[in-house]
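See structure below.
Since every read-out is calculated from the coordinates, none of them should be taken as a lab result. Quick caveat: nothing in here was measured; it's all calculated off a predicted structure. FYI the Cβ positions are ideal-geometry reconstructions off the backbone, even for glycines, and counts take in every protein chain you see.
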Amino acid sequence: MKNKLFKSTFFLFVLQGLVLAEDSPWSSLGHTQFEYRRFVNERDNDQFSSGLTTEQFKENVSFLHRLAVKYQSGMVKAQFSGFGRLDSRDKERNFLFVEDFYTSIFFEGEQYFSAGVGHRVYNWSAMEAFHPTDIINGRNLDSDVENFEKRGELSLELEYSRGDNQFKLFVWPYPAFNKYPSSKSRAGTGVSIEDHALANSSGLQTERWQTGWGFLGNFNILDADVSMHWIYTYDRAHPLIGYETQTIFGNVLPTGNLKSFYGLVHQFGGTISRPINELMVKLEMVYRDYVNADNIYTTNGIRQFESHGEIAFGLEYSIEVESLGHDVTLFGEVNTLTGLKEEIALQTSVFQKDLLMGMRWNFNDANAKEISLISILDLDQISEKAIIGSYSQRLDDFWKLKLGMRYYDAKDENGISSGFEAYHEDHLVYTNLIRYF
Amino acid sequence: MKVFLSIIGALFVNYSVFAETPEVKGTRIAQQVKAYNTGFIGESSSMKMTLVDAYGTKTERLMDGIGLEVPEDGNKFIMMFNRPHDVKGTKMLTWGHKDKDDDQWLYLPSLKRVKRISSRTRSSSFMGSEFSYEDLGSQEIEKYHYTFLKDSIVGKDAVWVLQRISRKKSGYSKEIVYISKKMHQAVKVEYFDRKNELLKIGTFSDFKEFKVGDKTFFRPSQIHMKNKQTKKESYFVVLSRQLGVKHANRKFSKNALK
């Protein structure tokens with residue numbers, strides 16, 4: 001596994017070298033990051049203390065290489081982007097994520113047509129932390145909870161654009177799965193989840209090729225950026241964790257390994273962003289209508305995917321500290337799941353009814369010094385909150401330093417954790433040294 | 001009879017000129033400058049910005065830009081950042097407007113996302129330099145009150161000296177603009193802070209001539225911005241520039257930034 005990853009990471013370096021020639025249709029960007037992270041407390045959750053899992057590392061040193069390469073010549077475009085991570089201790093944090101790997105042909109003028117195929121990451125959300133629209137890509141759940149790293153989704157894509165209006169049609173034939181934290185990862189629950197299943201109206205599917213569809217429209221209406229979509233695919237953002245079942249003498253019993261189940265869903269929704277005087281106002285709404293599936297024996301009882309809505313509302317306000325020449329951006333977001341009972345909502349998403357308040361303090365100097373502070377408060381479980389802070393600055397044209405902390409105030413519950421519970425006692429500090437190229 | 005009418009006509013013309021207030025004359029010159037500079041169609045350029053701190057330490061920034069002339073409203077332009085490397089691939093799209101705040105979007109390659117941003121913090125420093133977003137953004141004449149101050153000479157250029165005050169929120173209480181009568185371009189601008197004290201002086205030099213159709217345009221290849229209060233300075237050098245480039249309007253859509 002490690003050898004394979006070394007080869008993959010080496011491939012990223014070679015690819016990078018190929019595109020350095022000037023006057024080339026190729027262009028590239030990326031970075032190499034050294035990270036040291038240290039968890040402040042020993043883990044004392046039930047899985048760990050009851051011996052369900054082995055040692056969880058209190059500190060990690062990791063190396064990450066991220067690369068994005070673009071090619072454009074004539075009517076052909078291609079892009080590769082992805083990253084590989086090597087961890088000094090937790091071998092299950094060693095992996096390569098392909099984000100984009102696609103090619104397309106296009107016809108450009110005042111109108112634009114393109115047809116493309118390959119892996120793509122979709123970020124349709126307009127928000128900082130709550131992303132109701134984003135259910136498509138598989139994600140690394142051992143990354144930042146407010147912006148998970150994503151795995152590219154195999155896609156066929158048709159686009160027509162004219163002026164500020166854009167229409168896209170998608171086919172997604174092969175759903176990418178989530179990557180769960182290892183049993184040794186502090187971001188996890190102490191239980192490893194490596195098996196996956198797709199749930200639709202015909203029950204659980206063993207065949208991975210399952211066609212999904214989607215439509216996206218982007219418009220500029222009355223100074224507002226409006227985006228609308230319809231998606232019919234497997235929801236990777238709200239999986240159920242449980243077991244397959246078998247019936248013995250009339251009793252339904254769990255069988256096999258713990259699995260992540262992804263429900264087939266129709267999702268309708270969109271986003272609106274518009275400046276109103278001094279404020280940037282954002283609204284994101286979706287409704288998820290799950291195609292009926294069998295009951296799933298989850299760690300919290302027998303359940304089905306339940307249709308629901310999600311709304312997120314955000315405000316952003318920038319002020320200038322004239323005496324210092326600094327900018328401060330204040331932002332707030334609130335989200336809520338609708339149509340679900342509280343305990344079901346808790347099992348559905350990390351964020352059920354949460355309030356985010358944040359600030360970015362930009363020093364506006366040559367070193368791009370910036371302080372960022374975000375707090376996320378669970379409005380249903382007032383005792384649960386996260387505080388995420390960082391300081392970053394450029395060291396020179398190539399190097400950047402980032403120091404940060406993440407503090408979680410989350411309950412310690414029995415069973416597989418829901419919501420923020422997985423982060424109980426997982427406060428950490430980290431140092432990132434990043435070399436851009 | 002013709003002679004009589006000519007004399008009467010000349011008197012009226014002279015009277016109207018004498019009656020022109022400094023505000024009317026300032027606005028008329030600004031409109032004249034705008035008319036002179038209309039018709040460039042589109043622009044492509046690559047630029048280098050050098051930041052010099054109070055101790056003389058230099059830092060460089062590289063960027064490319066494309067612009068589209070929109071005669072009925074403000075112009076559109078995209079700035080693409082190349083260096084420092086942590087901002088490589090970042091793009092900023094601005095739609096200038098005559099009668100309202102500009103619209104701005106930022107494409108962040110690290111997030112693979114286009115973000116709508118507020119253009120209200122116009123007086124903020126541009127990439128840590130002595131230039132502000134306001135200095136480099138759209139400067140539609142409808143956004144300013146103009147007052148003619150005097151005729152003068154800067155270097156070898158005969159200039160109009162105008163005062164302009166932003167109608168919108170600005171980092172400056174006023175700007176004194178020296179406009180070349182030959183090139184119809186600013187050759188010097190003095191920026192006054194909100195306490196009405198001299199903050200910065202921008203000097204525009206190394207003008208190049210561009211032909212687009214039957215019109216001739218002048219554009220500076222270097223802008224030197226000296227902060228008189230902090231002693232810091234920045235140089236903005238245009239490494240290459242083309243005028244008359246016909247960019248598709250679609251390129252200036254937020255959807256095309258990715």
Task: √(5λ) per eigenvalue of the Cα gyration tensor, the stretch A:312-430, largest first, Å - done: 33, 18, 10
Open item on the list: Could you sort the peptides A:304-310, B:146-152 by per-residue average Cβ neighbour count (10 Å cutoff), highest mean leading?
Closed with: A:304-310, B:146-152
Open item on the list: If the only charges are +1 at each Lys and Arg Cβ and -1 at each Asp and Glu Cβ, what is the size of the charge dipole of the protein assembly as shown around the Cα centre, to the nearest 20 debye?
Closed with: 2780
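Listing B:PHE236, A:PHE331 from the residue with the fewest other Cβ atoms within 10 Å to the one with the most, what is the order?
Taking fewest neighbouring Cβ atoms as first place, the list is A:PHE331, B:PHE236.
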Task: Projected area, mean over directions - chain B, Cα convex hull, nm² - done: 16.4
Open item on the list: I want to check the label-to-label distance for B:THR21 and A:LYS91. Put each point 7 Å from Cα in the C-beta direction and report it in nm to one decimal.
Closed with: 8.3
Task: 20 Å reach of a label modelled at A:PHE268, 7 Å along Cα-to-Cβ, counting backbone N of the stretch A:222-256 - done: A:226-235
Task: Size of charge dipole - the stretch A:95-169 - debye, nearest 20, with Cβ of Lys, Arg +1 and Asp, Glu -1, no other charges - done: 260
- [ ] Once you have the Cα-Cα distance between B:LYS231 and B:LYS150, take 0.36 nm times their residue separation minus that, and quote the gain in nm to one decimal.
- [x] 26.3 nm
Open item on the list: Using 0.36 nm times the number of residues separating A:LEU324 and A:SER27, minus their current alpha carbon distance, what extension gain do you get?
Closed with: 103.2 nm
Open item on the list: Using Cα springs under 10 Å in a Gaussian network model of chain B, which residue among B:VAL237, B:VAL187, B:VAL154 shows the largest mean-square fluctuation?
Closed with: B:VAL154
- [ ] Enter the mean number of other protein chain beta carbons within 10 Å of the beta carbon of each residue in A:363-373, as an integer.
- [x] 4
Task: Protection-proxy order for peptides A:322-328, A:244-250, B:57-63, B:252-258, each taking the mean of Cβ atoms within 10 Å per residue, highest first - done: B:252-258, B:57-63, A:322-328, A:244-250
TODO: As a check on your grasp of the helix formula, calculate [θ] at 222 nm for chain A: sum -39500 (n - 2.57) over DSSP H runs of n ≥ 4, divide by the residue count, round to the nearest 500.
DONE: -2000 deg cm²/dmol
Open item on the list: Along each principal axis of its Cα atoms, how long is chain A end to end? Whole angstroms, biggest number first, please.
Closed with: 71, 52, 47
Task: For A:389-399, mean number of other protein chain Cβ atoms within 10 Å - done: 2
- [ ] Enter the angle in degrees (range 0 to 90, nearest 10) between the Cα long axis of helix B:22-36 and the first principal axis of the Cα atoms of chain B, meaning the one along which they spread out most.
- [x] 60
- [ ] Rounded to the nearest Å, what's the spacing between the alpha carbon centres of the stretch A:267-314 and the stretch B:73-147? Just the number, please.
- [x] 33
TODO: Take the alpha-carbon positions of the stretch B:177-256, form their convex hull, and give its projected area averaged over all directions (one quarter of the hull surface) in nm².
DONE: 8.0
Open item on the list: Which one, A:SER185, A:SER202, A:SER155, has the greatest fluctuation when you compute a Gaussian network model over chain A with C-alpha springs under 10 angstrom?
Closed with: A:SER202
TODO: Putting +1 on Lys and Arg Cβ atoms and -1 on Asp and Glu Cβ atoms, find which of A:GLY404, A:HIS424, A:GLN381 reaches farthest to the positive end of the dipole of the stretch A:278-430.
DONE: A:GLY404
Task: Per-selection metrics, the stretch A:57-143 (Cα): Rg and Dmax in Å - done: 17.0, 56
Task: Where only alpha carbons of the stretch A:201-315 are counted, the Rg and the Dmax (Å) - done: 18.8, 67
Open item on the list: Just to verify a number: FRET efficiency for A:ALA115 and A:TYR407, C-beta to C-beta distance, R0 = 45 Å, to 0.05?
Closed with: 0.45
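Let me know the charge dipole size of the stretch B:147-198 about its Cα centre in debye, to the nearest 20, where only the beta-carbon of Lys, Arg (+1) and Asp, Glu (-1) is charged.
Numbers: 12 positive and 6 negative charges, 47 e Å.
So the dipole magnitude of the stretch B:147-198 works out to roughly 220 debye.
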- [ ] Per residue of B:75-82, count partner chain C-beta atoms within 10 Å of its C-beta, then hand back the mean as an integer.
- [x] 0
- [ ] Could you rank the peptides B:119-127, A:369-377 by their average count of other C-beta atoms within 10 Å per residue, with the highest value first?
- [x] B:119-127, A:369-377
Task: Of A:SER318, A:SER182, A:SER73, the one that fluctuates the most in a GNM where chain A has Cα springs shorter than 10 Å - done: A:SER73
